[in-house]
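What follows is one structure encoded as structure tokens, with my remarks underneath.
FYI, it's all coordinate maths here, none of it is from the lab. Small disclaimer: the values here were computed from a predicted structure and weren't measured. Note that we place each Cβ from the backbone using ideal geometry, even for glycine, and neighbour counts take in every protein chain shown.
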Amino acid sequence: MAYNYIQLDRTASEPLYQQLYRSLRDAIALESGGLHAGQRLPSIRRLSEDLNLSRTTVEGAYQQLCIEGYLEARPQRGYFVLAAGGGQGARPSAAPVPPPAPAPRYNFGTDAVDAACADVKLWRKHVREVLTRPEALVRYGDHQGEPALRQALCDYTYAARGVICSPAQIVIGAGTQPLLYLLCGLLRTKAGAVAIEEPGFPQAEQVFADCGLEVLRLPSDKSGLSLTALRECGARVAYVSPSNCQGRGGSIPLKRRQELLQWAAQSGGLLIEDDYNGELRYRARPIPAMQGMAADGQVVYLGSFSKLLLPSVRIGYMVLPQHLTPLYQARANRYNQTASKVEQLALADYVQSGQLERHLRRLRKVYAQKSSTLMDCLQAAFGGRAELHLQETPLCVTLRFFHSRSPLRLAELAAAHGVRVRPGPEGNVTLGFAGIPLEEIAPGVDALQAAWAENA
């Protein structure tokens, strides 16, 4: 009997039963492979004799093919092909992976950090130091986050943001979303709905919705989330970004912060303060966090390092009010820590050594220069035809032409000239400057001017 479809290499390291299995599998899966549905295969004894293989080798290959649905064992009759030509158990076609879309020449739409601004060398040093501590690596991490990092964050947030807490109130997680999932579990008895400023943070909205909470999108005024709408909506939890108002990039003034805290005190409500990028204000001193102004129990504070250090360092933290801490502790052993222990310990060293503060001082200088350059270039190119707004902590500029032109169309025209921008609401186009090198800003705006020449 001919076995042209079986390829065996007795000198290879791969076991013979695997080679036999693979040859038979491919012969069944391929239209022209040599085997077809309903065909009877040689018995185990016959095939072992013909190929000079042990019966164990043949039996192992046949059994695996039966498990995967290529063969069917029929009592007293033998083994039959069950599928052929892409049927049950067939190997999927090896279609080529499509190439990635070409990267834009000038990218004003990235959330990445400019490589020149990344503190990679020092970060690598701290990670390597942690890897020399086997006693720390061979054990699971603390479910709440490494104690060294929680202590470092306790000291740092007080000095940098005015946050008042103890290490016992801090929970570490792999970014804002995992922390919000944990928080929603603690708030089920308190919150049926969450109020959020429109436009909001889509990822946060998705978490709230996935956890069964109603998301109430409330209007805002020049000072931030509307107090009238908040009082009337009936929600007892509100999600705010007081140092970085969504869609405007400004900060909530002191009076409105006090009003929000008053709402929480009078209604028994809770404020979730998302303070991402709060430390990156460079035209004035960073505004203290609302958490430090509040009575205990009124604010849950959220912080992150994705934009401060590196986007790949997925570490965020949450400061719980004292009344929620025991509730979290009662549930904590049901959850595994989501953030890398190695990165947590490296970050603790990075913060405690003062490297983070020095890094942020450098970033503020860089972003001040980038924002000034971008505003000057945009003003020269479009100043007479568009309204420009610098949004400091989101690290971007919004541009809105005085005529009615679709932001999506503007983004498409820009892309055709090798420039990426982000379309926004109300006719706005957003140009981020965090990830684009300084020397590419001017030629990037020149390319935009050519792309949008039809708007003249």
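Nearest 500 deg cm²/dmol is fine: what mean residue ellipticity at 222 nm does the chain get from its DSSP H runs of n ≥ 4 alone, each adding -39,500 (n - 2.57), divided by its residue count? Don't skip to the end; give the middle numbers.
On the way: 15 runs with 175 residues, N = 456.
Theoretical 222 nm ellipticity from helices: -12000 deg cm²/dmol.
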Qualifying trypsin sites (Lys or Arg not before Pro) for the range 382-456 [loop in DSSP, other Cβ within 10 Å: at most 16]
385
Charge tally in the Cβ shell below 13 Å around residue 43, where Lys, Arg are +1 and Asp, Glu are -1, residue 43 excluded:
+3
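Taking 22 Å as R0, compute the FRET efficiency from the Cβ-Cβ separation of residue 416 and residue 103 and round it to 0.05.
E(calc), rounded to 0.05, equals 0.90.
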Debye, to nearest 20: dipole size of the range 397-456, +1 on Lys, Arg Cβ, -1 on Asp, Glu Cβ:
220 debye
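Taking 24 Å as the cut-off for C-alpha to C-alpha distance, list the pairs among 125/370; 307/365; 341/370; 121/365; 121/307; 307/370 that go past it.
Values: 125/370 28 Å; 307/365 15 Å; 341/370 35 Å; 121/365 19 Å; 121/307 17 Å; 307/370 16 Å.
Where the Cα-Cα span goes over 24 Å, the pairs concerned are 125/370; 341/370.
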Residue 423: net charge of surrounding residues, Cβ under 13 Å, Lys/Arg +1, Asp/Glu -1, itself excluded?
+3
Mind jotting down a quarter of the surface of the convex hull over the alpha carbons of the range 232-355, in square nanometres, one decimal?
9.7 nm²
May I ask for the net charge around residue 108, where only other residues with Cβ less than 10 Å from the Cβ of residue 108 are counted and Lys, Arg are +1 while Asp, Glu are -1?
+1
Debye, to nearest 20: dipole size of the chain, +1 on Lys, Arg Cβ, -1 on Asp, Glu Cβ:
380 debye
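How large is the direction-averaged shadow of the alpha-carbon convex hull of the range 116-269, in nm²? Let's see the in-between values first.
Numbers: hull surface 47.0 nm².
Reported value for the Cα convex hull: 11.8 nm².
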Computed over the chain, Cα set: Rg, Dmax in Å
30.1, 91
Given the options 326, 61, 297, identify the residue whose Cα lies farthest towards the positive end of the charge dipole of the chain (+1 on Cβ of Lys, Arg; -1 on Cβ of Asp, Glu).
326
Can you sort 108, 401, 80 by how many other beta carbons sit within 10 Å, fewest first?
80, 401, 108
Sorting 41, 345 on the 10 Å Cβ count, fewest up front, what's the list?
41, 345
How would you rank 127, 138, going from fewest to most other Cβ atoms within 10 Å of each one's own Cβ?
138, 127
